[in-house]
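**Q** First the structure, then my questions, so here it is.
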Amino acid sequence: LTNVLQENSSEFTGQFIRARAGFDYFIDNRNTLTVEGSFTQGTFSPLTTIGITTDSLFDSGTTQSFAERFSESTRTFQNIGGSVLFKHLFPQQGHEWTADLAINQVESTGSGTFTTQLFDQNITTREMQENGGGTQFLTLQTDYVKPLSKETKIETGVRGALRSFD
């Protein structure tokens, strides 16, 4: 029979920034072009200490061991995106065509160090972790709506998405 008690103490620092902008250009009373863009970036650095007490019950009695695990890591990410949208209104109320193009790119990196001290065995282990990756998205979409009467309309559209994961 074993009981494990963990006490965790964490300090989490970081920063985060996000900016977004866009504009509409009214080509004429039936055509609108919209351009949008966004930027997001963040860095986070958690620092964690975990105290681990293990009590094990054997036939010969109870043994207790204690260890501390320290982890320090940094994670960063960045997201850049943009889109172009076009909308055409036909003379008939509710009759419209839209076309959209959106792109998005995300990159992330991280690293961490982990040190564990097993006090009863006088052992210290050290580990290091590094990671990174990214994602790219491209989405194309067009939609068409045509009312046939007050109760019915035709709606159709096509969407294509290309995604790359690293």
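The values are calculated or read from the model by the stated rules, or taken from the named source; none is laboratory data. Model, not experiment: these values are computed from the prediction. Cβ atoms come from the backbone with ideal geometry, glycine included; neighbour counts cover every protein chain shown. Areas reflect the complete protein model, heavy atoms only, side chains present, ligands, DNA and RNA absent. Shrake-Rupley method; radii C 1.70, N 1.55, O 1.52, S 1.80 Å.
**Q** Restricting attention to segment 63-166, which GluC sites (Glu not before Pro) occupy a DSSP loop and are surrounded by at most 11 other Cβ atoms within 10 Å? Could the numbers behind the result be given before it?
**A** Values: sites: Glu68, Glu72, Glu96, Glu107, Glu127, Glu130, Glu151, Glu155; in loops: Glu151.
In loop regions of segment 63-166 (DSSP not H, G, I, E or B), the sparsely surrounded GluC sites (Glu not before Pro) are Glu151.
**Q** Moving on. Show which aspartates and glutamates lie in cross-link reach of Lys146 when reach means a straight Cα distance below 20 angstrom and same-chain residues fewer than eight apart are skipped.
**A** Straight-line reach from Lys146, under 20 Å: Glu96, Asp100, Glu155.
**Q** Same structure, new question: For a quick check: with amide H placed at 1.01 Å from N, whose amide H comes under 5 Å from Phe90's, ignoring anything fewer than 5 positions away on the same chain?
**A** His95, Glu96, Trp97
**Q** Return the carbon/sulfur percentage of the accessible area of segment 1-87, one whole number, probe 1.4 Å, all protein chains in place.
**A** 53 percent
**Q** Under a plain spin-label model, where a point goes 7 Å from the Cα along Cα-to-Cβ, how far apart in nm are Leu140 and Asn8?
**A** In this crude label model, Leu140 to Asn8 measures out at 4.6 nm.
**Q** Okay, moving on. Hey, can you rank 116-123, 57-64, 3-10, 44-51 by average C-beta count inside 10 Å, highest first?
**A** Numbers: 116-123: 11.8, 57-64: 8.6, 3-10: 10.1, 44-51: 14.5.
Packing order, densest peptide first, comes out as 44-51, 116-123, 3-10, 57-64.
**Q** May I pose another question? Tally Lys and Arg at +1 and Asp and Glu at -1 over the other residues with C-beta under 13 Å from the C-beta of Asn8: what net charge comes out? Display every interim value, and only then the final one.
**A** On the way: positive: Arg69; negative: Glu7, Glu11, Glu68.
So the surrounding residues net to -2.
**Q** Where nothing but the Cβ of Lys and Arg (+1) and of Asp and Glu (-1) is charged, how large is the charge dipole of segment 16-166 around its Cα centre, in debye to the nearest 20?
**A** Working: 12 positive and 17 negative charges, 154 e Å.
Here the size comes out at about 740 debye.
**Q** Enumerate the calculated ³J(HN,Hα) couplings along segment 152-166 in order (Karplus 6.51 cos²θ - 1.76 cosθ + 1.60, θ = phi - 60°), each rounded to whole Hz, writing x wherever the residue is Gly or Pro.
**A** Once θ is set to phi - 60°, the couplings for segment 152-166 become 10, 7, 9, 10, 9, x, 9, 9, x, 9, 10, 9, 10, 10, 10 Hz.
**Q** With label points built 7 Å along Cα→Cβ from the Cα atoms of Phe44 and Leu57, find their separation and express it in nm.
**A** So the two model labels end up 3.9 nm from each other.
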